[in-house]
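Here is the structure we will look at.
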Amino acid sequence: NAGVTQTPKFRVLKTGQSMTLLCAQDMNHEYMYWYRQDPGMGLRLIHYSVGEGTTAKGEVPDGYNVSRLKKQNFLLGLESAAPSQTSVYFCASSLGRGFTYNEQFFGPGTRLTVL
Amino acid sequence: AQRVTQPEKLLSVFKGAPVELKCNYSYSGSPELFWYVQYSRQRLQLLLRHISRESIKGFTADLNKGETSFHLKKPFAQEEDSAMYYCALNRDDKIIFGKGTRLHILP
């Protein structure tokens, strides 16, 4: 099992460009999450999904969109990148809600720089 | 508002000395708390959760509802404990993370 994978690992964008980050998991998890990690800010939730076809806003959703067309994939889109979106992005997944199911498994991260 | 506070950004401890990473939370219901850890060049991973009441890699954490705290402790620090530690609170379908504490074990 590969667990949670993220594509790409690194990316440099110019202001105004768009891109999509892909997260894939092979653990048949229902819940998937996108976070950004910034120095001194910890992990902040951008968007999440509780199942195929569903998405919901997290703490810092502005400037991002997501889609969950297939259970195993969760895409994060930046329509018009801004320097403030320079960050390390982490995807995570979990079986679901409740004590037995809510451990989150993380991907390796994508380092994005917006110039 | 539900919140997790880790007051220390950096904690430096000598090898063999006791470690305590502080975490305070605010939550109106019955909290479910976790500690996640990120070692250098590794993925963020679950270290322990309060419901399990287990010791992982020598670390323990006790939920104190009176003080709304969930401090992470280890009696004798080891060099391999150097990492970034996040305290986290489960809220419905989401987990809220603190800002993290970097633990640096000095030789």
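Ranked by the mean number of other Cβ atoms within 10 Å of their residues, highest first, the peptides A:41-49, B:5-13, B:19-27, B:55-63 fall in the order A:41-49, B:19-27, B:55-63, B:5-13. Short to long, the 10 Å bins of the Cα pair-distance histogram for the protein assembly as shown hold 8, 33, 35, 20, 5, 0 percent of all pairs. Compute the distribution of all C-alpha to C-alpha distances in chain B, in bins of 5 Å from 0, and list the percent of pairs in each, rounded to whole numbers. The calculated distribution, bin by bin, is 2, 13, 25, 26, 19, 9, 4, 1, 0.
Under 24 Å of direct C-alpha separation, and excluding same-chain neighbours fewer than eight residues apart, B:Lys65 reaches these lysines: B:Lys9, B:Lys22, B:Lys73, B:Lys74, B:Lys94, B:Lys99. For the pair B:Leu10 and B:Asp92, label points projected 7 Å from Cα toward Cβ lie 3.8 nm apart.
Computed from backbone phi, the HN-Hα couplings of segment B:56-68 come to 10, 6, x, 8, 9, 8, 10, 7, 10, 5, x, 9, 6 Hz, rounded to whole numbers (Karplus: 6.51 cos²θ - 1.76 cosθ + 1.60, θ = phi - 60°; Gly and Pro given as x).
Rounded to the nearest whole Å², what accessible area per residue is found for chain A with the 1.4 Å probe?
Accessible surface, normalised per residue, equals 47 Å².
Rank A:Tyr31, A:Tyr64, A:Tyr101 by mean-square fluctuation in a GNM of chain A with C-alpha springs under 10 angstrom and give only the top-ranked residue. Of A:Tyr31, A:Tyr64, A:Tyr101, the Gaussian network model singles out A:Tyr101 as fluctuating most. Relative contact order for segment B:1-81: 35 percent, from Cα pairs under 8 Å spaced at least 6 residues apart, divided by residue count. Modelled spin labels at A:Thr7 and A:Lys70, positioned 7 Å past Cα toward Cβ, are 0.9 nm from each other.
Number of Lys-Lys pairs in chain A with C-alpha atoms under 23 Å apart and a separation of 8 or more places or on different chains: 4.
Per-atom-type breakdown for chain B gives carbon and sulfur 48% of the accessible area (1.4 Å probe, protein chains only). Calculated on the Cα set of chain A, radius of gyration then Dmax: 13.4, 43 Å.
The values are calculated or read from the model by the stated rules, or taken from the named source; none is laboratory data. Treat the numbers as computed from the prediction; the structure is a model and nothing was measured. Cβ: placed from backbone, ideal geometry, glycine included. Neighbour counts: every protein chain shown. Accessible surface areas use protein heavy atoms only, side chains included; no ligands, DNA or RNA. Shrake-Rupley method; radii C 1.70, N 1.55, O 1.52, S 1.80 Å.
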